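This report refers to the structure that appears directly beneath it.
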Amino acid sequence: MLGIVFKMISVYRFIFTVSILFISYSAFTPSDSNSSIENLDKILHFIVFLYLAFLLDLSSKYPLNENKKLLLILIFYAGLIEVIQSFLPYRSAEILDFLFDMLGILVYFIFAPRIKLRIKK
């Protein structure tokens, strides 16, 4: 049983790594910002970091809320994206993007324990 858990953690770590690579590529290449949906950028920031928090939690042996180092790495990654984008002529850094990243992480922390409790019952 424990072997299956460790295999799944490895799978989630792989998915997390591929996701980080894809998100980084998307964040650092020119974007087509002609969306008909208002604030789509902010919605995507929220969803991406909610998703990353979920994957990072599954990738760890311990819950993410007990693993402050992993949480700090995720927050650092969100800030790093904005810093790098500030140096790219075809991208722009926005503090609001960073705030929506943090909101995605926060929402995960609010709902994840409730979902886990329900699953265990």
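Here are a few things to note about the model shown:
- Scanning region 61-72 for residues that are within 14 Å of the chain's Cα centre (by Cα) and touching a residue at least 12 places away in the same chain (Cβ under 8 Å) turns up Leu64, Leu70, Leu71.
- Selection from region 20-38 of residues that are more than 20 Å from the chain's Cα centre (by Cα) and either at pLDDT 95 or above or among the charged types (D, E, K, R) (or both): Asp32, Glu38
- Count - residues of region 17-38 that are assigned to a helix (DSSP H, G or I) and under 24 Å from Ala93 (Cβ atoms): 10
- Index of the failed condition, Thr17 passing every other in (1) more than 23 Å from Pro113 (Cα to Cα); (2) under 16 Å from the mean Cα position of the chain (by Cα); (3) exposed (fewer than 11 other Cβ atoms within 10 Å of the Cβ): (3)
The values are calculated or read from the model by the stated rules, or taken from the named source; none is laboratory data. A quick note: this is a predicted structure, and the numbers were derived from the prediction, not measured. Quick reminder, even Gly has a Cβ in these numbers, built from the backbone with ideal geometry, and neighbours come from all protein chains shown.
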